[in-house]
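Participant: Provided herewith is a single structure, encoded as structure tokens, for subsequent inquiry.
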Amino acid sequence: MYIASDEATDIFLVEVSGWDSSDKFFVEHAVLSWDGEEGKEIALRSVVRPSDMVFVRLLQPVDGSENFPVACHVTKVSDRDVDGRLLVRVAESRPRAPYRETMGGGNTADDESAANQPSHEASQMEHGMTKSSRFLDPIPL
């Protein structure tokens, strides 16, 4: 739910979940301040550390779109505010590159050819089979 806006900051009600510094799962409603220059800051009761992962979900979508949690990592934890909440700066987490892409080297013709072919795994998915489903098949005697 969108609460307010001034010239530089938008404020939203959000639900934040994750594991606190004691490795206990938490879910709490909080206020997210979004400043274009400074980024996103959330006032939390739960104690988190820099580099911790949290999930942030708008309590009311702004444009009527789906309302899925967004994975974020904590970039900075500041002192408590006047209400005793930690001021936590977060940034959206990006998926890691697949192992193959991290090994370096350029694309070869074989790589490009393989990329255009449906994978064996994709073919199995079309037929309702996955890697884990093969373990559920009966063993012929």
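Participant: What residue, among those in the stretch 48-66 that are of a type in the set (Val, Ile, Thr) and surrounded by 15 or more Cβ atoms within 10 Å (Cβ to Cβ), is nearest to residue 11 (Cα to Cα)?
Facilitator: First pass over the stretch 48-66, keeping only residues of a type in the set (Val, Ile, Thr): 48, 54, 56, 62.
Retained after the next criterion (residues that are surrounded by 15 or more Cβ atoms within 10 Å (Cβ to Cβ)): 48, 54, 56.
Values: 48: 21, 54: 18, 56: 14 Å.
Only one residue tops the list, namely 56.
Participant: Go through the stretch 19-46 and report how many residues are farther than 20 Å from residue 9 by Cβ and loosely packed, with under 14 Cβ neighbours inside 10 Å. It would help to see each step written out before you state the result.
Facilitator: The initial filter retains those residues of the stretch 19-46 that are farther than 20 Å from residue 9 by Cβ, namely 19-28, 45-46.
Those still in the list that are loosely packed, with under 14 Cβ neighbours inside 10 Å too: 21-25, 27.
Number of matching residues: 6.
Participant: Under 9 Å between Cβ atoms, at least 6 apart or on separate chains: pull out the pairs that start in the stretch 67-83 with a residue that is without any contact (Cβ under 8 Å) to a residue 24 or more places away in the chain and surrounded by 14 or more Cβ atoms within 10 Å (Cβ to Cβ) and end on any residue that is assigned to a loop (DSSP other than H, G, I, E, B) and of a type in the set (Asp, Glu).
Facilitator: Between residues of the stretch 67-83 that are without any contact (Cβ under 8 Å) to a residue 24 or more places away in the chain and surrounded by 14 or more Cβ atoms within 10 Å (Cβ to Cβ) and residues that are assigned to a loop (DSSP other than H, G, I, E, B) and of a type in the set (Asp, Glu), the close pairs are 73/52.
Participant: Can you tell me how many residues within the stretch 8-37 are within 18 Å of residue 80 (Cβ to Cβ) and not in a strand (DSSP E or B)? Show your work before the answer.
Facilitator: Initial filter on the stretch 8-37 (within 18 Å of residue 80 (Cβ to Cβ)): 16, 20-22, 26, 28-33.
From the residues that got through so far, the ones that are not in a strand (DSSP E or B) too are 20-22.
Residues flagged as within 18 Å of residue 80 (Cβ to Cβ) and not in a strand (DSSP E or B) within the stretch 8-37 amount to 3.
Participant: Collect the residues in the stretch 39-89 that are farther than 18 Å from residue 26 by Cβ, part of a loop (DSSP other than H, G, I, E, B) and small (Gly, Ala, Ser), keeping them in residue-number order.
Facilitator: Scanning the stretch 39-89 gives 64, 65.
A short reminder: the numbers here are calculations on the coordinates, not readings from a lab. These numbers were taken from a predicted model, which means no experiment stands behind them. All Cβ positions, even for glycine, are placed from backbone atoms using ideal geometry, and neighbour counts span all protein chains on display.
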